[in-house]
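The values are calculated or read from the model by the stated rules, or taken from the named source; none is laboratory data. Keep in mind that this is a model prediction, so the values were computed, not measured. Here the Cβ positions follow ideal geometry from the backbone for every residue, glycine too, while neighbour counts run over all protein chains shown.
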Amino acid sequence: MKTTGQNNPILLVEDNPLDLDLTLRAFTHHNITNQILVARDGEEALAHIPKWDAGDPVPVVILLDLKLPKVNGLEVLEIIKSHPKYKTIPIVVLTSSDESSDVRAAYELGANSYIVKPVDFGKFMEVAKNIELYWTVLNNPA
């Protein structure tokens, strides 16, 4: 079994039920044992900040969609990356948008990585494998 970040959770911010299911299945397939916390909109994602302040485990990584209801992903990214305590949480933008303006804005706001979601399950499994490889082997946590 593989673990990342001393088994802290992964926060997955995704409103599309199909993409959510695909991501969860890909992580299960790759034996990622971290708890997966799901926020279905930007407001729900930001509601985790007071929980972390109260002692809940801080995620080892946040996988963030951009096209979210209530509060969009770029706003979530900006708020977390400007937070004094949580700005070092790695945030991987995992979105269907390949618009250069979204890519540029995400990196300007502090995204650690920007991955365009593939539609094909096989390609998505490869994305999950690469996320796992990066965060478990290549990433050097602080």
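Residues in the stretch 39-83 that are in contact with a strand residue (DSSP E or B) (Cβ under 8 Å, 6 or more places away or on another chain) and among the small types (Gly, Ala, Ser): 39, 42, 45, 47, 73.
Applying the selection to the stretch 103-142, what residues are outside any loop (DSSP other than H, G, I, E, B), farther than 19 Å from residue 19 by Cα and at pLDDT 85 or above? Step through it out loud before you land on a result.
So in the stretch 103-142, the residues outside any loop (DSSP other than H, G, I, E, B) come out as 103-108, 113-116, 121-138.
With farther than 19 Å from residue 19 by Cα added as a condition, the list becomes 103-108, 133-138.
Answer for the stretch 103-142, where residues must be outside any loop (DSSP other than H, G, I, E, B), farther than 19 Å from residue 19 by Cα and at pLDDT 85 or above: 103, 104, 105, 106, 107, 108.
Residues considered: 31, 16, 72. Of these, the only one that is touching a residue at least 24 places away in the same chain (Cβ under 8 Å), exposed (fewer than 14 other Cβ atoms within 10 Å of the Cβ) and under 21 Å from residue 117 (Cα atoms) is 31. All of (1) under 14 Å from the mean Cα position of the chain (by Cα); (2) part of a loop (DSSP other than H, G, I, E, B); (3) within 18 Å of residue 111 (Cα to Cα) hold for residue 34 with one exception: (3).
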